Every structure is written in structure tokens, then in C-alpha cells.
Amino acid sequence: MGDAIPNREEAYRLLKKYNQNESLINHALAVEAVMMHFAELFGEDKEKWGIIGLVHDLDYEMYPEEHCKKTEEILREEDWPEDYIRAIVSHGWKICTDVEPIERMEKVLYTIDELTGLIAANALVRPTGLEGMKVKSVRKKWKDKSFAAGVNREVIAEGAEMLDMELGDVIAETIKGMQKVADEIGLAK
């Protein structure tokens, strides 16, 4: 049972140990920012939510076939708390794990992981990047199944439902979270 509460610096060091791919690191930073934004929105622990977002895809670059499972192993070896590990593993629900997101933090991660990808792809084709992005713009790209085809829209919709939030509100808040780190993740123009 892990007792060592990781800090952001330790989490980032761990992320960099297992990931060199810039786009994966930018995705991790985007998810971290959005998790912190939602934590603030819900009056939750911003640092904890951010750290969970930061390392959620820890194993993806080196162990894509063992996604979530390898992260669980690594975090147990690092003596991370059980609730952090469970939250991270639950984002792969129905995709690569059978751990259902139950806590609000888990539901947010499950929902916004794919959504940050759709929003990032949208920002890349806009002359102003994330700046001034509207929900309407994301919804338009949402309907175009060939745009960011790897993004699982069903997961996002299901996650919004689990959170008892309108999809448009989830998109709006995710955009706001990502805008806070637009420069850092290469989506500012």
C-alpha cells in the first residue's frame, strides 16, 4: 500500500524517464492542466488531480501493448498511493482495463483524455491555435469522423454523461484548461 504522496517534480521526472516523444509529453501536460482546471472547478485537490493527469499515459510510449497495466506496475514499485493508481488505470476502462471510473476525479480523467486530443488537433488547424477557440468549432470537428479519427468520441460522450455534465460544458472547460498551457504545449499561435 503506497504512502508516498508524489509531488509534481517527482511525477514529471517519472514521465520523462518513460517518455521522450514530444507529442506524448505535450499531451500529458495538456491533461495535467485540464485536470487541475476541473479540480479547481469542483473544489478538489489541484495538485493531486494534476499529477494524476500528468502521468496517466506513463507507459504508452514504451509499452503500448500493456497500456495502463505497466503504469500500474511502475507506480506500485514507486510506492504511489492506491487511489492515484486506481484513477490512472480507470482511464483505460473498456479499452485496456476493466477498472470503471467511480470517483469524480476518475470520471474527469476518463472523459477529458480523448477530448484533449480532439481539441489539440483542432487547434493545430486553426490560425490562432487555442486562442479564441469556441465549443462550436470543436463540435463541428466532432461531427467529421475523419478528423482526428483516432479520438474515441463515444468515450468522451459517455464520460460527460457519467459526470452529469452537458458535452458542450465539458468541451468549454477542457478548452479553458488547455488554454492555460497553450504556449507550453505548442498550441499558441
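Laboratory data are not the source of any read-out in this text; all were calculated from the coordinates shown. It should be emphasised that the depicted structure is a prediction, and the values quoted were computed from it without experimental measurement. For neighbour counting, all protein chains shown are included, and Cβ atoms are generated from backbone atoms with ideal geometry for every residue, glycine included.
Observations on the model:
- Think of the range 8-179 as a dipole: +1 on every Lys or Arg Cβ, -1 on every Asp or Glu Cβ, centred on the Cα centre; then among Val170, Gly50, Gly92, Val170 lies furthest on the positive end.
- Over the chain: helical MRE at 222 nm, DSSP H runs n ≥ 4 each giving -39500 (n - 2.57), nearest 500: -18500 deg cm²/dmol
- Potential lengthening between Asp83 and Ala157 on full extension [0.36 nm per residue; Cα-Cα distance subtracted]: 24.2 nm
- Cα-centre dipole for the range 8-179 with unit charges at Cβ (Lys and Arg positive, Asp and Glu negative), debye to 20: 1040 debye
- Label of the coordinate-derived value, Cα extents along the principal axes in Å, listed as [x] 53, 35, 31; [y] 45, 34, 32; [z] 54, 47, 27: [y]
- Distance (nanometres) between label positions extended 7 Å along Cα→Cβ at Asp98 and Lys180: 3.6 nm
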